[in-house]
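Inspection log for the structure reproduced underneath, given as structure tokens.
Since every read-out is calculated from the coordinates, none of them should be taken as a lab result. Given the structure is predicted, the values throughout are model-derived calculations rather than measurements. Positions of Cβ are backbone-derived with ideal geometry, glycine not excepted, and every protein chain shown enters the neighbour counts.
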Amino acid sequence: MDKLIIRGGVPLNGEVSVSGAKNAVLPMLCASVMASDKHVILKNIPHLHDVTTTVRLLRQMGVSVTLDDNMNIQLDPSTIKNYYAPYDLVKTMRSSILVLGPLLSRFGSAKVSLPGGCAIGTRPVEMHLDALTQMGASIGIDNGYITASCKKLIGAEIRFSKTTVTGTENILMASTLAEGKTIISNAAREPEVVDLANFLNKMGASITGHGTDIIEVTGVEKLRGVSYSALPDRIETGTFLVAAAITGGCVTVKNTISSHVSTIIEKLKLSGADITLTDTSITLDMKGKRPLAVDIETGAYPLFPTDMQAQLTALNTVAKGKSIIKENIFENRFMHVQEMTRMGADIRVENNCAKISGSEKLIGASVMATDLRASASLILAGLVATGITEIERIYHIDRGYDCIEEKLQQLGANISRVPV
Ligand code: EPZ
């Protein structure tokens, strides 16, 4: 177990490069089992614990997985020998549910541990299971495992009652090898869903409408192995932009896609940041100013992303004025609030809203990370706090951020990782 130690008060300055998007790479790794010839080669892979866990999951199924020294991943599913995702792996990473659609579609069989909840919510998967049942799968729940089988999935008209990112991705992957046409209504529109669809189409799938709320898929006979580079991580991009804003610095985030973070940019401009864009880079200059409070309401893409809620909460704790943060996606995504309160933040949570009165400053303290994005928000608070902040349980942060302390050190942050 490690912890991070941060001495706050240093305005961040310089350039930082964004890694590949965790939430695009994880479904692509799972989709690779559907390739019936040659290898899948995935590039721009972030060095993350969730990627390592997914590779372990695929390897224990018998998929041959090799990493080259550029962190490109080569997968050969021809050696697969079981269709099983065990609890001991799934409990550490809920997105393992993403193997369900590919295994059912390619092999007609899957036994996947129910993911269970996590710190931010119960995280049910009934929409995934109902949609696969609609496509002809027989699905049972036995001793905490989803057991699923089918002769061949049949295309269907799927309408999700709520927008679900991995639900859309599971059905998108499952429908590529199904018989006939599948229409997914109320589909998720996240850039990671679009990237997955582009990857599947390059493998030979027939998908249209991705990026809108109605996706159409015509099943094909087989998918081939291809080489593909994942899109940059928009949440890492947003996190570094907030790091610049909260410390009053000037940072250029490179190798990103500015159009994927427009709602974040809009809010940071309202907080007083001076932002200049190119297609692949964003420069935020806070000019030493204290941010202005901004109200936030999360929603499915293209609305403000829930994965950036904790980071904007941190910014608002030191902003001028009052703000309200409304979390519409997850039922328990304010775990970072009580930790920030220990640093002097003035925040009250009422139902799915956090009401914040900005403080002149935060005071460094020992705090505990509870989930991935909460960890990031505590780092941001530590970067601006007076004195030393120690963040424990940072295995959460390692699931979703590639070498975050090295990247922050490059920008001048006084941050280090020490064993506990
Ligand atoms: C994905 O989770 C992301 N994870 C999450 O990122 C992200 O926060 C979330 O989408 C929302 O954008 C990956 O892509 C691996 P949902 P997912 O299904 O797909 C409810 C991060 O920090 N729901 O879109 O699990 C659900 O409880 C992670 O990188 C059902 O009720 O989220 C939630 O309230 C955290 N039944 C809402 O829908 C279902 O069957 C949206 O969840 C499925 C979902």
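The table that follows gives values for the structure above.
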| item | result |
| --- | --- |
| Descending Cα extents along the principal axes, segment 58-142, whole Å | 39, 33, 19 |
| Summed residue charge, Cβ within 15 Å of Met127's Cβ, Lys/Arg positive, Asp/Glu negative | -1 |
| Highest-fluctuation residue, Asn351, Asn255, Asn23 considered, GNM on the chain with Cα pairs under 10 Å | Asn351 |
| Extension reserve of the Ser366-Gln74 stretch, reckoned as 0.36 nm per residue once the Cα distance is removed | 101.0 nm |
| Rounded to 10°, Cα long-axis angle of helix 372-384 versus longest principal axis of the chain | 20 |
| Gyration tensor verdict on segment 266-415 (Cα atoms; rounded if a/c is under 1.5, prolate if a/b is larger than b/c, oblate otherwise) | rounded |
| Pairwise centroid distance, computed over Cα atoms, of segment 143-170 with segment 366-420, Å | 36 |
| Dipole moment magnitude, nearest 20 debye, segment 283-420 about Cα centre, only Lys, Arg, Asp, Glu C-beta charged | 420 |
| Unit charges on C-beta of K, R, D, E only; dipole of segment 272-352, Debye | 380 |
| Relative contact order (%) - criterion: Cα under 8 Å, at least six apart; region: segment 301-403 | 28 |
| Separation of alpha-carbon centers, segment 1-80 and segment 198-214, rounded to whole Å | 22 |
| Radius of gyration and Dmax over the Cα atoms of segment 135-202, both given in Å | 12.9, 38 |
| Over the chain: helical MRE at 222 nm, DSSP H runs n ≥ 4 each giving -39500 (n - 2.57), nearest 500 | -9000 deg cm²/dmol |
| Alpha-carbon Debye profile of the chain, log10 I(q)/I(0) at 0.09, 0.10 Å⁻¹ | -0.54, -0.67 |
| Candidate lysines - alpha carbon under 19 Å from Lys361, same-chain residues fewer than 8 apart omitted | Lys287, Lys289, Lys320, Lys322 |
| Low-density loop positions, GluC sites (Glu not before Pro), segment 336-411 - DSSP coil, at most 15 other Cβ in 10 Å | Glu360 |
| Local electrostatic count at Leu29 - Lys and Arg +1, Asp and Glu -1, tallied over other residues with Cβ under 14 Å | -1 |
| Simple Cβ-charge dipole of the chain, Lys/Arg +1 and Asp/Glu -1, about Cα centre, in debye nearest 20 | 200 |
| Rg followed by Dmax, in Å, when segment 280-349 is reduced to its Cα trace | 13.0, 38 |
| Sites Lys38 and Thr218 - FRET efficiency at Förster radius 25 Å, r taken between beta-carbons, to 0.05 | 0.65 |
| Neighbour net charge for Asn143 - beta-carbon separation under 15 angstrom, K R +1, D E -1 | 0 |
| Cα gyration tensor, segment 171-240 - rounded (a/c under 1.5), prolate or oblate | oblate |
| Relative contact order (%) - segment 261-304, alpha-carbon pairs under 8 angstrom, separation at least six | 38 |
| Packing-based order for 122-128, 164-170, 193-199, 137-143, using average beta carbon neighbours within 10 Å, highest first | 164-170, 193-199, 122-128, 137-143 |
